[in-house]
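Q: Here's a structure for you.
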Amino acid sequence: MKKNIFLIVILCMAAYSAHAQKPTYLEMLANQPKWVDSVFKKLNRREKIAQMFFVRAHTNLGQKYTDSVGLVIKKEQLGGVIFFQGGPVRQARATNAYQKVSRVPLIVANDGEWGLGMRLDSTISFPYQMTLGAIQNKDLIYRMGQEVAKDFKRMGMQMNLAPDADINNNPKNPVINYRSFGENKYNVATKTGAYMKGMQDGGLLTTLKHFPGHGDTDVDSHYDLPQLTFTAARLDSLEMYPFRELIKQGASGVMIAHMNIPSLDNTPNLPSTLSKPIVTGILKQRLGFKGLIISDAMDMKGVVKYFKNGEADLLGIIAGNDILELSENSDRAITLV
């Protein structure tokens, strides 16, 4: 149950996210709050497993939908919620309602690559990462990261599923393009690092994505499973470069992409999210990453095309993921685990 203790530590951090001058994420892991064990021991086995699952939430689909998400959180006692489209006031109300029915404080996250405005109406949007890749002063990007952290914390959120650390080296890529800092691996690593550090210094958990690198694909993993046919040496020297450098700088989280990569794992139709050689063998052991490992959305076609009804979630946990987001069937997945 080491994974679950790991998640409880993060949830404890979430409970105290409003206080100033906190220790860094990795420092917190090294000095677990004493009440973590107390909280953890009060959970039954199913509740401990449920802490690894994050549910989707929108606040632009009506009160009935919002309430239905609350019922899922209350019934399954999930570890977190990821907000998508909606409005800031509605989201704040939903967050309070969801926290109220959760025995353990929820991690509240958003996919805000260019700030709250990526998902929420009437909020600030900062420039796309491709635009920021062209500016010379990385300190401006750091300061932007700090502002994004302030905005997130005002909304009661502790995690941003950003920044994008992909290298935009395929003009036919339908899903990354302007979300990347560019096609130069050194520039991508530098600018991504500035954004990451700004957010983390502002008290926000961040998530480098999409490991081991989604920049050179011509298939959108939301709709199908891309395949990378490059050699392991090419992937190590190019796609993984920003991740390797930013792990050294203390990245708090990494998101795993849904891609089939035969040179790293030759299992047919197996997404990298579900690959133990990639998640554990490369990310944890070779690169030495000790932070949170988060799957890309488990309802994407890149994973559910070949693995359905909770089976993918089980394989994702075996592979080494700490958090599985947006499971198609979290109830069955928790039972399988």
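The values are calculated or read from the model by the stated rules, or taken from the named source; none is laboratory data. Since this is a predicted model, take the numbers as computed values, not measurements. For neighbour counting, all protein chains shown are included, and Cβ atoms are generated from backbone atoms with ideal geometry for every residue, glycine included.
Q: Would you mention how many residues in the stretch 122-147 are surrounded by fewer than 19 Cβ atoms within 10 Å (Cβ to Cβ), small (Gly, Ala, Ser) and either closer than 13 Å to Lys191 by Cα or touching a strand residue (DSSP E or B) at 6+ places or on another chain (Cβ under 7 Å) (or both)?
A: Within the stretch 122-147, residues that are surrounded by fewer than 19 Cβ atoms within 10 Å (Cβ to Cβ), small (Gly, Ala, Ser) and either closer than 13 Å to Lys191 by Cα or touching a strand residue (DSSP E or B) at 6+ places or on another chain (Cβ under 7 Å) (or both) number 1.
Q: Met155 is checked against (1) within 19 Å of the chain's Cα centre (by Cα); (2) surrounded by 21 or more Cβ atoms within 10 Å (Cβ to Cβ) and fails just one. What number does that condition carry?
A: Of the numbered conditions (1) within 19 Å of the chain's Cα centre (by Cα); (2) surrounded by 21 or more Cβ atoms within 10 Å (Cβ to Cβ), the odd one out for Met155 is (2).
Q: Quick one: how many residues across the stretch 215-258 are assigned to a loop (DSSP other than H, G, I, E, B), within 20 Å of Asp111 (Cα to Cα) and either in contact with a Pro (Cβ under 6 Å, 6 or more places away or on another chain) or at pLDDT 95 or above (or both)? Spell out how you get there, then give the answer.
A: Going through the stretch 215-258, the residues assigned to a loop (DSSP other than H, G, I, E, B) turn out to be 215-226, 228-231, 240, 249-252, 257-258.
If we keep only those that are within 20 Å of Asp111 (Cα to Cα) too, we end up with 215, 220-223, 251-252, 257-258.
Within this subset, residues satisfying the condition of being either in contact with a Pro (Cβ under 6 Å, 6 or more places away or on another chain) or at pLDDT 95 or above (or both) are 220, 251-252, 257-258.
Selection size over the stretch 215-258: 5.
Q: Can you find a residue that is without any contact (Cβ under 8 Å) to a residue 60 or more places away in the chain, part of a loop (DSSP other than H, G, I, E, B), touching a Phe, Trp or Tyr at 6+ places or on another chain (Cβ under 8 Å) and surrounded by fewer than 19 Cβ atoms within 10 Å (Cβ to Cβ) anywhere in the stretch 105-115?
A: Yes, that holds for at least one residue.
Q: A further question on this structure: Being touching a helix residue (DSSP H, G or I) at 6+ places or on another chain (Cβ under 9 Å) and either in a loop (DSSP other than H, G, I, E, B) or farther than 12 Å from Met130 by Cβ (or both) is the filter here, so list the residues in the stretch 171-183 that pass it. Write out each step before concluding.
A: Of all residues in the stretch 171-183, those touching a helix residue (DSSP H, G or I) at 6+ places or on another chain (Cβ under 9 Å) come to 171, 177-182.
Those that are touching a helix residue (DSSP H, G or I) at 6+ places or on another chain (Cβ under 9 Å) and either in a loop (DSSP other than H, G, I, E, B) or farther than 12 Å from Met130 by Cβ (or both): Pro171, Ser180, Phe181, Gly182.
Q: Next question. If I go through the stretch 242-295 residue by residue, how many of them are of a type in the set (Phe, Trp, Tyr) and in contact (Cβ under 8 Å) with a residue 60 or more places away in the chain?
A: Initially, the stretch 242-295 is screened for residues of a type in the set (Phe, Trp, Tyr), giving 243, 289.
Filter once more, so that each one left must be in contact (Cβ under 8 Å) with a residue 60 or more places away in the chain: 243.
Adding up the residues that qualify gives 1.
Q: Also: Quick one: is Gln227 crowded, with 19+ Cβ neighbours inside 10 Å and more than 20 Å from Leu326 (Cβ to Cβ)? Spell out how you get there, then give the answer.
A: Working: crowded, with 19+ Cβ neighbours inside 10 Å: no; more than 20 Å from Leu326 (Cβ to Cβ): yes.
In short, no.
Q: Restrict the check to the stretch 148-164 and report whether at least one residue is under 30 Å from Asn187 (Cβ atoms), among the small types (Gly, Ala, Ser) and assigned to a helix (DSSP H, G or I).
A: Yes, the conditions are met somewhere in the stretch 148-164.
Q: Being touching a residue at least 60 places away in the same chain (Cβ under 8 Å) and polar (S, T, N, Q) is the filter here, so list the residues in the stretch 74-104 that pass it.
A: Answer for the stretch 74-104, where residues must be touching a residue at least 60 places away in the same chain (Cβ under 8 Å) and polar (S, T, N, Q): Gln91, Thr95, Asn96.
Q: Further question: Here is a list of conditions, (1) surrounded by 20 or more Cβ atoms within 10 Å (Cβ to Cβ); (2) of a type in the set (Val, Ile, Thr); (3) part of a loop (DSSP other than H, G, I, E, B), and Val55 meets all of them except one; can you say which number that is?
A: All conditions pass for Val55, except number (3).
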